Amino acid sequence: MTRTTRLDRDALDQLLANQLDVIARHQARAAGLTDNALRHRLRREGPWSTLLPGVYMAATGTPTGLQREMAVLLYAGRGSVITGPAALSCHHIRCAPSDLVDVLVPATRQRHDAGFVRLHRTTRMPARIWERGPIRYVPPTRAVADTVRHLSSLRDVRAIVVDAVQRRACQVRDLAAELAAGPRTGSGLFQ
């Protein structure tokens with residue numbers, strides 16, 4: 001006797017609508033997609049594409065920035081939050097775009113960088129987050145700090161800090177507090 005799974009098309013459609021047409025494998029399975037049905041959608045000329053390990057887009061072509069960010073959060077798992085240049089963009093702070101999407105995950109999370117994901121394990125998960133639809137972002141002060149720690153140009157660091165302060169997204173005292181609380185590695189130009 002073979003086991004059959006009944007596809008809940010309404011649940012699948014609702015999930016895809018809520019998540020910008022991006023879905024994790026475990027979510028697709030929970031909606032009733034079998035492994036065969038998933039493989040069929042992901043075939044070479046199929047209607048879906050793989051964005052990251054275990055994360056798919058219910059479309060073909062190039063994903064938007066928000067779809068990439070949604071994929072990163074699904075890959076990184078529960079409690080993860082976008083930081084770095086993508087979060088700066090959310091807060092309307094100017095920064096050079098990055099091919100990678102930075103994401104904070106709890107320190108105990110056993111995930112690795114993959115594709116366009118750069119994971120940052122931390123014991124300092126932000127208490128407050130910003131949301132844009134289904135995407136979760138760190139506060140502006142944390143986004144500035146996490147971004148500039150990866151920069152090697154004092155000019156670039158200053159440009160981001162000045163833009164954040166001038167746009168009133170951050171105050172200097174809050175940036176100083178974040179600098180003091182955060183990791184020292186990479187913070188030399190931020191001081």
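The values are calculated or read from the model by the stated rules, or taken from the named source; none is laboratory data. Fair warning: this is a prediction, and the values are worked out from it, not measured in the lab. Don't worry about glycine lacking a Cβ; one is built from the backbone with ideal geometry, like all the others, and counts go over all protein chains shown. Just so you know, the surface numbers come from the protein's heavy atoms only, side chains and all, with ligands and any DNA or RNA stripped out. Shrake-Rupley method; radii C 1.70, N 1.55, O 1.52, S 1.80 Å.
At-a-glance table
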| item | result |
| --- | --- |
| Cβ-defined net charge surrounding Ala159, 14 Å radius [Lys, Arg +1; Asp, Glu -1] | +2 |
| Lys, Arg +1 and Asp, Glu -1 on Cβ, resulting dipole of the chain about Cα centre, debye, nearest 20 | 340 debye |
| Nearest 10 degrees, 0 to 90: helix 172-181 Cα axis against the chain principal axis | 70 degrees |
| HN-Hα J in Hz across the range 86-92 - Karplus 6.51, -1.76, 1.60, θ = phi - 60°, x for Gly and Pro | 5, 5, 4, 4, 4, 8, 6 |
| Accessible area of the range 86-175 divided out per residue, in Å², using a probe of 1.4 angstrom | 58 Å² |
| The chain: relative contact order in percent, alpha carbon pairs under 8 Å with at least 6 residues between | 15 percent |
| Karplus (6.51, -1.76, 1.60) ³J(HN,Hα), θ = phi - 60°, over the range 128-133, in Hz, Gly and Pro reported as x | 10, 10, 9, 10, 10, x |
| Built amide H within the under 5 Å cut-off of Val105, gap 5+ | His120, Arg121, Thr122 |
| FRET efficiency, Arg6 to Ala127 (Cβ-Cβ, R0 25 Å, nearest 0.05) | 0.05 |
| FRET efficiency, 1/(1 + (r/R0)^6) with R0 30 Å, evaluated for His112 and Glu45 via beta carbons | 0.50 |
| Mean Cβ neighbour count within 10 Å, used as a protection proxy, ranking 140-153, 11-24, 52-65 highest first | 140-153, 11-24, 52-65 |
| Karplus-derived 3J(HN,Hα), 6.51/-1.76/1.60, for each residue of the range 38-54, Hz, glycine and proline x | 5, 4, 4, 5, 9, 4, 3, 9, x, x, 10, 9, 8, 9, 9, x, x |
| Peptides ranked, highest mean first, by Cβ atoms within 10 Å: ranges 166-178, 67-79 | 67-79, 166-178 |
| Added length on full extension, which subtracts the Cα-Cα distance from 0.36 nm per residue, Arg168 to Ser98 | 22.9 nm |
